[in-house]
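For reference, the structure is listed below as structure tokens.
The values are calculated or read from the model by the stated rules, or taken from the named source; none is laboratory data. Values in this document were obtained by computation on a predicted structure and should not be read as measured data. Glycine also receives a Cβ, built like all others from the backbone with ideal geometry; neighbour counts cover every protein chain displayed. Accessible surface is based on the protein model in full, side chains and every heavy atom, while ligands, DNA and RNA are left aside. Shrake-Rupley method; radii C 1.70, N 1.55, O 1.52, S 1.80 Å.
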Amino acid sequence: MRRASSSIPANIAEGCGRESDAEFKRFLIISQGSASELEYFTILAKDLKYIQEEEFLIIHDKVRRSLNSLINKI
């Protein structure tokens with residue numbers, strides 16, 4: 001979970017350093033892959049009762065919504 005969650009902003013930062021909006025958007029899409037991986041791990045953590053449903057929903061909704069909003073702005 002730590003690796004997947006740290007990969008999201010790392011890819012966003014790398015994309016910011018690129019020369020065009022198209023390249024930036026490509027790295028945002030790569031970040032979505034890491035967000036999907038994090039989503040899987042949060043589902044697993046919920047199923048194993050490491051986190052509660054409320055925590056799962058907060059993590060899932062906030063990450064996806066924020067990333068999708070940023071992609072739509074580019």
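Which residue pairs have Cβ atoms closer than 6 Å, lie 6 or more positions apart in sequence or on different chains, and pair a first residue in region 11-24 that is more than 18 Å from Glu37 (Cβ to Cβ) and open to solvent by less than 60 Å² (accessible area, probe 1.4 Å) with a second residue that is among the charged types (D, E, K, R) and modelled with pLDDT under 95?
Close Cβ pairs satisfying both conditions: Phe24/Arg18.
Within region 35-49, restricting attention to residues that are surrounded by 12 or more Cβ atoms within 10 Å (Cβ to Cβ) and among the charged types (D, E, K, R), which residue is farthest from Asn68 (Cα to Cα)?
Once the filter is applied, the top-ranked residue is Lys46.
State which residue is surrounded by the fewest Cβ atoms within 10 Å (Cβ to Cβ) when the search covers only region 1-10 and only residues that are of a type outside the set (S, T, N, Q) and more than 16 Å from Ser69 (Cβ to Cβ).
In this case the residue turns out to be Arg2.
In region 25-34, what residues are among the β-branched types (Val, Ile, Thr) and open to solvent by less than 80 Å² (accessible area, probe 1.4 Å)?
Ile30
Kindly establish whether Lys62 is loosely packed, with under 15 Cβ neighbours inside 10 Å, on the phi > 0 side of the Ramachandran plot and either touching an Asp or Glu at 6+ places or on another chain (Cβ under 6 Å) or not aromatic (Phe, Trp, Tyr) (or both).
Answer is no for this residue.
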